[in-house]
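Visitor: Okay, here's the structure, questions in a sec.
The values are calculated or read from the model by the stated rules, or taken from the named source; none is laboratory data. Nothing here was measured: the structure is a model prediction, and the numbers come from that model. Quick reminder, even Gly has a Cβ in these numbers, built from the backbone with ideal geometry, and neighbours come from all protein chains shown.
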Amino acid sequence: MLISPSQFRMRVLVVDDDPANLEICAAYLAELGHTDVTTAAGAAECLAAVDSALLPFDCLLVDIQMPGLSGIDVTRQLRARPGYERTPILMITARTHESAIKDAFDAGATDFISKPVGLRELRDRIEGAVGLLHEGDRLDTLRAVMNHSDWHDLSRLGFHEPAPLPRTEMLVDFAALQNMVQVKTRLGVMNSSALCFHIENGRTLFDALELRAFVDLLADVADTVIDVMRPMRPTLAYAGRGDFVALLADARSIEGDMIGQAIDAAMTTLHHFAGHAPDLCPRLRVGAMVRPERHDAMAGYDLLARARGAVRRLDAA
């Protein structure tokens, strides 16, 4: 089957210390319609190419294991450069483990491509990265609206949708969290567990509050959950419908009930200091911890949906 060239032509920078891999990637990118390709043989060449470019690159492919600065270190430096805050950065890797994937995502990686690089996978990963970029643009537009006094455009935000919360290392957009789960599952290193925090009165709060106040309240809840779970290094996202979902790399000794008790205590403090009216205080329910099914290599793909379903089963009970 022929691979259709992408309709979105990009200026791409490929970084790898192996000349053969640089040639392969450049050839495949050209076949996909991306003919404006720059190659760099390592971290120093990559950063020099970025700093000397008249226009920012639209996408970067970076080998994760290189002499000197690793691909993760390069990604972290790229994210600190103006114009590269959200540029797709695809990590190229021969083999990796879950902690390295988390470190790369924490540094700002968008996705992973397995070696040897294949044409079809390269096309899928680039198209996926562009899709993530568009979803991020939508939420960034809403974030920008919130920073102005005229923020009526927030009316476009529905209760079922992810909200434009501030991004941090531990708080990400839901699309990015979904992508992280898909990457780990695709690479066969999905050992993370998921936990859902459901705001029981979320719909009531959404209807009662102005949208900006509702988003601010969600941000307060996110900060509270992260403060409690910080030692576990969670990656948290707001999925919509009052659901926060946390991905935990190592939750073998953690129980949802124990986390729930700590969250309840922290929420009481939040209500006290934030001055929320009693009827506008969020009530959080913590679902059961959901772990990947060891016998099913594809089960990780629905991990977040299973976590959200688990908290709703508690509601039904």
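Visitor: How many of the residues in the range 229-253 are surrounded by 19 or more Cβ atoms within 10 Å (Cβ to Cβ) and in a helix (DSSP H, G or I)?
Guide: 1
Visitor: Residue check: is R212 of a type in the set (D, E, K, R), in the same structural domain as V290 (by TED's automatic domain parsing), within 20 Å of the chain's Cα centre (by Cα) and at pLDDT below 95?
Guide: It is false that R212 is of a type in the set (D, E, K, R), in the same structural domain as V290 (by TED's automatic domain parsing), within 20 Å of the chain's Cα centre (by Cα) and at pLDDT below 95.
Visitor: Looking at (1) at pLDDT below 90; (2) assigned to a strand (DSSP E or B), which one does K184 not meet, given that it meets all the others?
Guide: For K184, the failing item is (2).
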